[in-house]
Amino acid sequence: MKQDMIAVIDLGSTRNTDVARAIRALGVYSEICNYDITAQELLALPNVRGIVANGGPNDEVDGVKIRLSDEIKAAGLPVYTFDYEENGAVNAMPEEDADIAEALREFVFDVCKAQPNWNMENFIADQVELMRRQVGDKKVLLALSGGVDSSVVAALLLKAVGSQLTCVHVNHGLLRKGEPEQVVRVFKDEMNANLIYVDATDRFLDKLAGVADPEKKRKIIGAEFIRVFEEEARKLDGIEFLAQGTIYPDIVESGTKTAKMVKSHHNVGGLPEDLQFELVEPLKMLFKDEVRACGKALGLPDNMVYRQPFPGPGLGVRCLGAITRDRLEALRESDAILREEFAKNGLEGKVWQYFTVVPDFKSVGVRDNARCFDWPVIIRAVNTVDAMTAEVPELPWAVLQTITKRILAEVPTINRVCFDLSPKPTATIEWE
Ligand code: XMP
């Protein structure tokens, strides 16, 4: 293994992620470990050079105060005892953050003598070696959605085990314009992956016909997705591994042993019991920006690596109420125009998420001197840090006018364009 590591042992801190990120920002790899890690487990981590004993307010588990075990103290690794909250950084005072960064720097480099060798080249080399060791000459299956995480997993596995990987891309008919084509072009045509492309559009739209309740729609899409993927998996012989794009926040946000569970992590989505695979999760120690850097280093196109978040149910929750093909088409076309104009006008990467929504009611208009009765489209554009709250950014009027003109001219079933000014709360980012 090429990277040195500093282990951050969670002794009840709420800022484990911040400490791990601060160490990674110094160019040294860092992982968060549970408070009950044994000295043996700790010493088995590759190239561990030191420990940050990371205290904080959640330092009692089952009524017992947790502390660093004597066994670990005696393990011969340098220990830095730290309490982010006590150090005041919880108030995000810039000077104090700078002091903390300096203290960490001294510990990591002067005391632990760690090398700043955490970079994507080394990460990729290490993961390729680890995956080759794990998979051997066996076969691996991956559900490739075309999202950032699964795309980077695919690129990494192709580098590591090439033709032993089979990717399945399920098009549920609710993807954005050009997405399934891009997945096929990048992975099958350019990277030579074994890619099974399943156009399940009719199947999904049939199941969704007449279903107006947003949560029911989500459930149907999720369940059908698993079913289609399972059917494809059963057709393949001798697959022993399932690759997944689990990333570090999925694990950390599922709750460390001292923190309350924030949200459950459902990446391991409901495959039947008799389809048992061993998991390959090469991104599980990366934060989102690191996943993007990894994808970039592997040569994936920018619009795949830097793409805005897109919900699993896709356009299904933006075609409001019961989905119909005509409105879905209007949604897909208007969304493509919006994305194109955002890119042309330098807004891509500046606005966190932007898309169109088509409601399930019509409004009166005039077209070619005659009354028309067509669908409206709503533009949604938000900025956020964590998607829990969101603001609507000010957008150049001229860009909004161009988008409006183009949608009205190019999408024949739309006669009105609206702009959603609502922050979250009270509105959510999606309309359903
Ligand atoms: P809301 O609408 O809850 O959205 O403010 C917050 C973020 O989550 C995304 N989102 C979803 N992602 N499956 C997903 O994978 C879903 O069912 C889903 N619903 C919302 C949304 O796009 C936004 O980024």
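The values are calculated or read from the model by the stated rules, or taken from the named source; none is laboratory data. Just so it is clear, the structure is predicted and the values come from calculations on it, not from any experiment. So basically every Cβ, Gly included, is an ideal-geometry build from the backbone, and we count neighbours across all protein chains shown. Calculation scope for accessible area: heavy atoms of the full protein, side chains included, ligands and nucleic acids excluded. Shrake-Rupley method; radii C 1.70, N 1.55, O 1.52, S 1.80 Å.
What number of residues within the stretch 317-331 satisfy the criterion of being within 16 Å of the ligand (Cβ to nearest atom) and closer than 18 Å to Gly178 by Cβ?
3
Hey, can you tell me all the residues within the stretch 1-47 that are without any contact (Cβ under 8 Å) to a residue 40 or more places away in the chain, over 27 Å from the mean Cα position of the chain (by Cα) and not in a helix (DSSP H, G or I)?
The answer is Ile37, Thr38.
Does the stretch 269-284 include one or more residues that are part of a helix (DSSP H, G or I), open to solvent by less than 20 Å² (accessible area, probe 1.4 Å) and in contact (Cβ under 8 Å) with a residue 12 or more places away in the chain?
Scanning the stretch 269-284, I find no residue that is part of a helix (DSSP H, G or I), open to solvent by less than 20 Å² (accessible area, probe 1.4 Å) and in contact (Cβ under 8 Å) with a residue 12 or more places away in the chain, so the answer is no.
Name the one entry in Val198, Val170, Val153 that is of a type in the set (Val, Ile, Thr) and either closer than 26 Å to Arg132 by Cβ or not in a strand (DSSP E or B) (or both). Reasoning before the result, please.
Values: Val198 fails: either closer than 26 Å to Arg132 by Cβ or not in a strand (DSSP E or B) (or both); Val170 fails: either closer than 26 Å to Arg132 by Cβ or not in a strand (DSSP E or B) (or both).
Just one listed residue meets the conditions, Val153.
If you go through the stretch 366-420, how many residues are of a type in the set (Gly, Ala, Ser), without any contact (Cβ under 8 Å) to a residue 60 or more places away in the chain and more than 11 Å from Ser334 (Cα to Cα)? Full working, then the answer.
Taking the stretch 366-420 first, the residues of a type in the set (Gly, Ala, Ser) are 370, 381, 387, 390, 398, 409.
With the extra rule that they be without any contact (Cβ under 8 Å) to a residue 60 or more places away in the chain, the set shrinks to 370, 381, 390, 398, 409.
Next, only the ones that are more than 11 Å from Ser334 (Cα to Cα) stay: 370, 381, 390, 398.
Qualifying residue count, the stretch 366-420: 4.
In the list Ile337, Ile323, which residue meets the criterion of being in a loop (DSSP other than H, G, I, E, B) and modelled with pLDDT of 95 or more?
That would be Ile323, the only listed residue that is in a loop (DSSP other than H, G, I, E, B) and modelled with pLDDT of 95 or more.
Of the numbered conditions (1) closer than 30 Å to Pro78 by Cα; (2) at pLDDT 95 or above, Asp97 satisfies every one except a single condition; which is it?
It is condition (2) that Asp97 fails.
Can you pull out every residue in the stretch 325-347 that is farther than 17 Å from Leu175 by Cβ and either aliphatic (A, V, I, L, M) or touching a residue at least 24 places away in the same chain (Cβ under 8 Å) (or both)? I'd like the intermediate steps shown before the answer.
Here is the first cut: in the stretch 325-347, the residues farther than 17 Å from Leu175 by Cβ are 326, 341-347.
The answer is Asp326, Glu341, Phe342, Ala343, Asn345, Leu347.
Please go through the stretch 413-432 and give me each residue that is surrounded by 13 or more Cβ atoms within 10 Å (Cβ to Cβ) and either of a type in the set (A, V, I, L, M) or more than 16 Å from the ligand (Cβ to nearest atom) (or both), ordered by number.
Thr413, Ile414, Asn415, Arg416, Val417, Cys418, Phe419, Ala427, Ile429
To keep it simple, each residue is scored yes or no on (1) assigned to a loop (DSSP other than H, G, I, E, B); (2) aromatic (Phe, Trp, Tyr).
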{"position": "Thr356", "(1), (2)": "no, no"}
{"position": "Val366", "(1), (2)": "no, no"}
{"position": "Cys372", "(1), (2)": "no, no"}
{"position": "Trp375", "(1), (2)": "no, yes"}
{"position": "Ile379", "(1), (2)": "no, no"}
{"position": "Ala387", "(1), (2)": "yes, no"}
{"position": "Ala398", "(1), (2)": "no, no"}
{"position": "Thr402", "(1), (2)": "no, no"}
{"position": "Ile407", "(1), (2)": "no, no"}
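Got at least one residue in the stretch 306-316 being more than 16 Å from the ligand (Cβ to nearest atom), buried (at least 20 other Cβ atoms within 10 Å of the Cβ) and not hydroxyl-bearing (Ser, Thr, Tyr)? So that I can check it myself, show each step before the final result.
Of all residues in the stretch 306-316, those more than 16 Å from the ligand (Cβ to nearest atom) come to none.
No, the conditions are met nowhere in the stretch 306-316.
What pairs can you find where one residue is in the stretch 97-126 and closer than 29 Å to Leu298 by Cβ and outside any helix (DSSP H, G or I), the other is at pLDDT 95 or above and among the aromatic types (Phe, Trp, Tyr), and their Cβ atoms are less than 9 Å apart, with a gap of 6+ or different chains?
Here the result reads Ala114/Tyr29; Gln115/Phe109; Pro116/Phe109; Asn117/Tyr29; Trp118/Tyr29, each pair linking the stretch 97-126 to a residue that is at pLDDT 95 or above and among the aromatic types (Phe, Trp, Tyr).
Can you name every residue in the stretch 355-399 that is under 22 Å from Ile337 (Cα atoms), open to solvent by 10 Å² or more (accessible area, probe 1.4 Å) and within 16 Å of the ligand (Cβ to nearest atom)?
If the condition is that a residue be under 22 Å from Ile337 (Cα atoms), open to solvent by 10 Å² or more (accessible area, probe 1.4 Å) and within 16 Å of the ligand (Cβ to nearest atom), then Ile378, Asn383, Val392, Pro393 are the ones that fit.
Filter the stretch 149-177 for residues that are farther than 16 Å from Val198 by Cα, of a type in the set (Val, Ile, Thr) and in contact with a strand residue (DSSP E or B) (Cβ under 6 Å, 6 or more places away or on another chain) and give the result.
Within the stretch 149-177, just Val153 meets the criteria.
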